[in-house]
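Written out below as structure tokens is the structure these notes cover.
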Amino acid sequence: MPIFMDRHDVSEAVTAEDIALLHQADLKIQSHFGCRALTYWFDENRKTAFCLIEAPDRNCIHKMHNKAHGQVPNSIIAVDAGIVESFLGRIEDPEKSQNTALNIINDPAFRTIMIIRLNRFPFKQNQVHLPAPLLKNHRNAILKLLPSFDGNLVKQSETDFLISFKSVSNAVHAASQIRSLFTKTNKLSKYKFGLKIALNAGVPVTEKKLIFESTIQLAERMCSALRGEIILASQVRDLYNGENPKSLSENEAVYCLTQKDEDFLNSLVDYMDANGDNTDLSVNDLSKATGYSKPQLYRKMILLTGKSPNAFINEYRLNKALQMLKRNEKNISEIAFQTGFNSPSYFSKRFQERYGHLPSTHLLKQKQQLKNLHSSTDLS
């Protein structure tokens, strides 16, 4: 049976005991609607509650809540139990709540989400690839570090990590420690190697369809588009400063966004996502989409991304093409046109300038890298 998570925005007067009583009311009648209320989360500060429920469909959840207490959810999304546990640490009531009559749970679902991106591709023709065993060593070092900061690994690929933290401070300290793992070693000196860490915070259910989708989307955009090795969303910075006596200071590695920066980034990338395949896309178009004049746009993009608008457009297209090549779902000509290039030959030229080899060569290298990675894994 499907599993859903719903969201309830409650009034300031609601307490953890009130939510526990509502949950008990659900449990008493759940079988009448074919539902099974698994657990819930309640955030006293943000006044939000999230229920995890096994149910035939969303309508049954609405009917159960309405019959039990009248507090219908603001929104409901379908979820995977394993993913919920990876993000939130549990899919049932915590043990410490079992000995109370109401099983009162005052446990927020608010999480700090970290995305780590390791760049193993060269930018110059004469640079060599980061060997799979060395990349594996650094991936393992990250995984070994996470328990010290109560970080939960949600998902990983060869070069990317998605990690959930209950504590904002732990997430920021973990990011700093991960960066130190890479800057202290001299084994990476001969490789063009990039490390990006983005931190954003939020709740599991919003107006989006997937769990933590809004939070992850902004973190991914921060990781892909912005300058700095560690990039913090405005909410992460503010929460960290509220939890620690010494405020977070920016430096050459750490960059903190403002809310206006985030709004600008979302407007920019939303427009590129919708129009990136337009071969006639221009700086004027970005200017109109973001509400910035051309001089303002140039200054803003240099500040945030370190790139001019034209360079950003080209970088966006090449990054999108790279992701499509990784998924191996289109041929090179299709990828060229779907990412806004006038011709496959021009696409190949720009791709080679950016990554040091042709798209066709990239596909061959990718297959060999995966083969080497699997071989090294088998030997370990």
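General remarks:
- Virtual spin-label span in nm between A78 and E250, 7 Å along Cα→Cβ: 4.2 nm
- Shown in residue order for the range 53-62 are the 3J(HN,Hα) couplings computed by the Karplus curve 6.51 cos²θ - 1.76 cosθ + 1.60 at θ = phi - 60°: 9, 8, 7, x, 6, 5, 4, 5, 5, 4 Hz (x for Gly and Pro).
- Residues in the chain average 49 Å² of solvent-accessible surface per residue, probe 1.4 Å, ligands and nucleic acids excluded.
- Computed over the range 266-332, the P(r) curve from all C-alpha pair distances, binned at 10 Å from the origin, holds 20, 52, 21, 7 percent per bin.
- When nucleic acids and ligands are ignored and a 1.4 Å probe is applied, R36 ends up with an accessible area of around 120 Å².
- Cα gyration tensor shape of the range 309-363, rounded if a/c is under 1.5, else prolate or oblate by comparing a/b with b/c: rounded
- The C-alpha atoms of the chain define a longest principal axis, and helix 132-145 lies at about 30 degrees to it.
- Each Lys and Arg contributes +1 and each Asp and Glu -1, all at the Cβ; summed about the Cα centre of the range 1-123, the dipole is approximately 380 debye.
- Antiparallel bridges, percent of DSSP beta bridges restricted to the chain (to nearest 5): 85 percent
- The chain, relative contact order in percent, only Cα pairs under 8 angstrom and at least six apart counted: 14 percent
- Taking label positions 7 Å along the Cα-Cβ direction at both S234 and H69, the computed distance is 3.4 nm, reported to one decimal.
- In sequence order, the range 283-289 has phi-based couplings of 4, 4, 5, 5, 4, 5, 5 Hz under the Karplus curve 6.51 cos²θ - 1.76 cosθ + 1.60, θ = phi - 60°, and Gly or Pro positions carry x.
- Largest mean-square fluctuation among E229, E220, E250, in a Gaussian network model of the chain whose springs join Cα atoms under 10 Å apart, belongs to E250.
- Filtered GluC sites (Glu not before Pro), the range 269-338: DSSP coil and at most 10 other beta carbons within 10 Å: E329
- The chain: angle of helix 309-327 to the longest principal axis, Cα-based, in degrees nearest 10: 70 degrees
- The charge dipole of the chain, taken about the Cα centre with unit charges on the Cβ atoms of Lys, Arg (+1) and Asp, Glu (-1), comes to about 1940 debye, rounded to the nearest 20.
- Between helix 294-305 and the chain: long-axis angle, C-alpha atoms, 0 to 90°, nearest 10: 80 degrees
- Prolate/oblate/rounded call for the chain, Cα gyration tensor, a/c under 1.5 rounded: prolate
- Per-residue HN-Hα couplings for the range 30-45 [Karplus 6.51, -1.76, 1.60; θ = phi - 60°; Hz; x = Gly/Pro]: 4, 5, 5, 10, x, 9, 9, 6, 7, 5, 8, 10, 9, 10, 4, 6
- Cα gyration tensor, the range 181-287 - rounded (a/c under 1.5), prolate or oblate: oblate
- Cβ-based charge dipole, the range 5-64, positive-most Cα from S11, T39, A49: T39
- Links that overshoot a 30 Å alpha carbon limit, given the list K166/K365; K326/K349; K67/K155; K208/K260: K166/K365; K67/K155
- Theoretical gain in end-to-end length, H62 to E85 [0.36 nm per residue, Cα-Cα removed]: 5.9 nm
- The residue among A289, L181, S345 whose Cα reaches farthest toward the positive pole of the charge dipole of the chain, with charges on the beta-carbon of Lys, Arg, Asp and Glu, is S345.
The values are calculated or read from the model by the stated rules, or taken from the named source; none is laboratory data. This structure is a prediction, so every number in the text was calculated from the model and none was measured. Virtual Cβ from ideal backbone geometry, glycine too; neighbours counted across all protein chains shown. We work out accessible area using only protein heavy atoms, side chains counted, and drop any ligands, DNA or RNA first. Shrake-Rupley method; radii C 1.70, N 1.55, O 1.52, S 1.80 Å.
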